[in-house]
1. Which entries in Lys231/Lys275; Lys281/Lys354; Lys121/Lys243; Lys281/Lys327; Lys128/Lys243; Lys327/Lys381 show an alpha-carbon gap greater than 21 Å?
2. In whole Hz, what ³J(HN,Hα) sequence does the stretch 73-87 give by Karplus (6.51, -1.76, 1.60; θ = phi - 60°), x for Gly and Pro?
3. For the stretch 296-310, in order, what is each residue's ³J(HN,Hα) by Karplus, 6.51 cos²θ - 1.76 cosθ + 1.60 with θ = phi - 60°, in whole Hz (x at glycine and Pro)?
4. From the phi angles alone, apply the Karplus equation (6.51, -1.76, 1.60; θ = phi - 60°) to the stretch 165-171 and give each ³J(HN,Hα) in whole Hz, x where the residue is Gly or Pro.
5. Rounded to the nearest 0.05, what FRET efficiency is calculated for Thr191 and Asn36 with R0 set to 51 Å and r the Cβ-Cβ distance?
6. Mind giving me the nanometre distance, one decimal, between the label points for Thr176 and Leu335, set 7 Å out from Cα along Cα→Cβ?
7. Please compute one quarter of the surface area of the Cα convex hull for the stretch 258-381 and express it in square nanometres.
8. How charged is the neighbourhood of Asp151? Take every other residue with its Cβ under 13 Å from the Cβ of Asp151, and add Lys/Arg as +1 and Asp/Glu as -1.
Amino acid sequence: MRYLINTALTCRLSQKWRRHGYCHLKRGEIMPDIINSVKEEFINEYIRKIDTAIETYNATIGSNDEIFDLVIEISNVFENDIPNLQTSVLIRTGTEIRDANIVRAMLIKYLADNGIEYKGKGIEENVKEKRFWNSFIHWFETELPGLELLDGKYLRWDNWDGGMWFIELDYDHEFTLYRGTVYPSSLKNNTGDFVDIKAFIEIAYKHWIINTGECHYKFTIEVNDRFKIFKLPYRLQNGIVIKQGYKSTSPIDKIINYRMFERKIQFSEEMINSKDIMEKKSALDFIIDALQYLISTKGDTRNEQYKALALSVSDNMDGKVYAVVKKELDELMKLSNEYFDVRHNDYLNAAKEKREPLNDSQFIEYLYNRAYSILYLLRLKS
C-alpha cells in the first residue's frame, strides 16, 4: 500500500516531522508505506495522549470534551492510513471510553500491520464500573446502616465507641436464595462486571430495603446520583436498573458535524436528566438546535429540506411513512419557533402571536424525546 502525504497538515501536527524533512515533500507526492522511527513515535505519542485523556475523563465528574476532540483529531489525521477509523467511532454520550479504546486499538494494529510491536502500557478495563462499585459498596456498608432504609433483620447494633449500626448480611446466602448462585467473585474482587453490580442493586432494592415508597425512593436517589457521578449510562427505576438512551438495536455509526451538531446532542442528553427545569429547557434548546442544523443542510427552502429528509427515510412520496416524517419535521419547527419559548426570548413570534412559556418539566421531556426520536431516525437514514 502507498499513501499521500498532506504536507501542510503534517507540518502543523508534528515538529518532529518537520525536523526530519517531511515538509520538503510537495503536495500529492507519493511516499513508500514504511513506518520509520519518526512516524512510529508520532503514533505512539497519540496513543499516550489517548491514555492521558482516558485517565482524565475517569477522574472528572463533569462533562469532558477533550476525549472526543482527540478522537476526531486522530480520525482526521489518519484518514488515509486507516480508512475505516472514522466510521468505527460513535461520538455519543456514554461512548467516550469506547471510542477512545477503539482508536487506540486501531493505532496499535496499524503499527502491528507494519511489523512494529507496541510496547507501551495496557489499558485498565471497566474503570468507571470499578470506581462506581468501590464508591457504592463503601456507602452501602458504612453509611446506609444509619439511614433507616435497611430492613432491621439485616442490621446489628454495636455499643462500642458510642454505638453504631452495622450491616449483617450473608451475601452468599442472599445471592443463592435470589439468584441461585453464590456471591459473585467479580464483586468481591471488583473487576467491574456490571451484570453482577446490577444484580446486587436490584436484590437490595427488592429484598433488603424497607418496603415503603419513601425508603425505595431515597435508595433510588442514592444509586442514580452515583451513576451520574461516575458517568454510567444507567438509572434505577422501580427497582430495575435500565440503560438510558434511545431504545434501538441500530447504533449511530457516523459523525455529521461534531461542533455544530454532535456536541449539542451530547450536552442535551446530559441536561435533560437534570432536576432543574432551566437545564431541561436548555436540553430542549440544544436538541432543537441540532435538528435545525440537520434540516438546514438539505436545501434552500423549508419544503425542500423537509422533502429531502423525508425521502431519506422513505423514497415513496405517496406513502404514509414519507408523509409522517415530513409532517413531524414541520410540526416540531412550529412548536419550537412559534408556539413555545424554545430558543427564543421574544414575547411574540413572527406572526405577532404570543409564545407560551414552558414551565412543565414532563411536557419539556415529551417535546425533547419527540425531537430526539425523529433526529435519531434521520441520523440513521442520512
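1. Pairs exceeding the cut-off: Lys121/Lys243; Lys281/Lys327.
2. 4, 5, 4, 6, 5, 9, 4, 7, 6, 10, x, 8, 5, 5, 7
3. Running phi through 6.51 cos²θ - 1.76 cosθ + 1.60 with θ = phi - 60° gives 5, 8, 10, x, 9, 10, 4, 4, 5, 5, 4, 4, 5, 6, 5 Hz.
4. 7, 10, 6, 10, 10, 8, 4
5. Efficiency, from the Cβ-Cβ distance: 0.80.
6. According to this spin-label approximation, the distance is 5.4 nm.
7. 7.9 nm²
8. That sum, taken over residues with Cβ under 13 Å, equals 0.
Here, each number is a calculation from the coordinates, and none is a lab measurement. If you're wondering where the values come from, they're calculated on a predicted model, not measured in any experiment. Note that each Cβ is placed from the backbone with ideal geometry, even for glycine, and that neighbours are counted across all protein chains shown.
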